[in-house]
Amino acid sequence: MSGEKLDAVIEEQERVLRFRSIDLDTISRVCCRAVERLKSMKAPCYIRAVVNKTVVFAQCLEGASCNNEEWAKRKAALCERYWMSSLHAARNLEKKGQTLESCGMNSSEYGLSGGSFPILLESGLCIGSITVSGLKGEEDHQIVASAIADELGVEIPSVLE
């Protein structure tokens, strides 16, 4: 997929995947949907959801390691800093020729990779993130986006097509 088309797909996902209201049960359902997809793929991943800086869901799947957990934390930090998916934020920085350091961040706290998707309210307010780590960044991203879309009952384009 071309860079411009990928950017348009990511922006469309972020526009559509917003919650009118949300609670911890809803976040848990989204995460469990993602876990089921990952298990069916036998993907060695770590998944976590954060709301207001508090981890409200975390699961390590068979084959995942502490590296996946650390990547998830760093990708979530980027997502929550910019109120957009980590894939979107990483692509924006890359297009501008910026690095984490040039933006006042460091690679021990922030990760330039896809896989973290913001928990957005209809107003655009970001209250946290849901993050998968263990596959390629675009695959991690799409697992989360698809799980949110399923919960909301909406269709979205895929970054993998």
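The values are calculated or read from the model by the stated rules, or taken from the named source; none is laboratory data. This is a predicted model, so every value here is computed, not measured. Quick reminder, even Gly has a Cβ in these numbers, built from the backbone with ideal geometry, and neighbours come from all protein chains shown. Accessible surface is based on the protein model in full, side chains and every heavy atom, while ligands, DNA and RNA are left aside. Shrake-Rupley method; radii C 1.70, N 1.55, O 1.52, S 1.80 Å.
Go through (1) without any contact (Cβ under 8 Å) to a residue 60 or more places away in the chain; (2) among the hydrophobic types (A, V, I, L, M, F, W, C); (3) on the phi < 0 side of the Ramachandran plot for A34 and report which single condition fails.
With respect to (1) without any contact (Cβ under 8 Å) to a residue 60 or more places away in the chain; (2) among the hydrophobic types (A, V, I, L, M, F, W, C); (3) on the phi < 0 side of the Ramachandran plot, A34 is out only on (1).
Yes or no: the stretch 82-97 includes at least one residue that is closer than 17 Å to R18 by Cα, in contact with a strand residue (DSSP E or B) (Cβ under 8 Å, 6 or more places away or on another chain), open to solvent by 40 Å² or more (accessible area, probe 1.4 Å) and assigned to a loop (DSSP other than H, G, I, E, B).
Among the residues of the stretch 82-97, at least one is closer than 17 Å to R18 by Cα, in contact with a strand residue (DSSP E or B) (Cβ under 8 Å, 6 or more places away or on another chain), open to solvent by 40 Å² or more (accessible area, probe 1.4 Å) and assigned to a loop (DSSP other than H, G, I, E, B), which makes the answer yes.
Quick one: V132 ticks every box in (1) of a type in the set (A, V, I, L, M); (2) crowded, with 24+ Cβ neighbours inside 10 Å; (3) within 13 Å of Q13 (Cβ to Cβ) except a single one, so which number is it?
Evaluating V132 over (1) of a type in the set (A, V, I, L, M); (2) crowded, with 24+ Cβ neighbours inside 10 Å; (3) within 13 Å of Q13 (Cβ to Cβ) leaves (3) as the failure.
So in the stretch 38-57, with the set limited to residues that are under 15 Å from the mean Cα position of the chain (by Cα) and under 18 Å from G114 (Cα atoms), which one is surrounded by the most Cβ atoms within 10 Å (Cβ to Cβ)?
Ranking the candidates gives I47 first.
Given the conditions (1) of a type in the set (A, V, I, L, M, F, W, C); (2) in contact with a Leu (Cβ under 6 Å, 6 or more places away or on another chain); (3) without any contact (Cβ under 8 Å) to a residue 12 or more places away in the chain, and given that C103 satisfies all but one, which numbered condition is not satisfied?
Failed condition: (2).
State which residue is farthest from the chain's Cα centre (by Cα) when the search covers only the stretch 4-34 and only residues that are outside any helix (DSSP H, G or I) and buried (at least 17 other Cβ atoms within 10 Å of the Cβ).
Restricting to residues being outside any helix (DSSP H, G or I) and buried (at least 17 other Cβ atoms within 10 Å of the Cβ), the top hit is I22.
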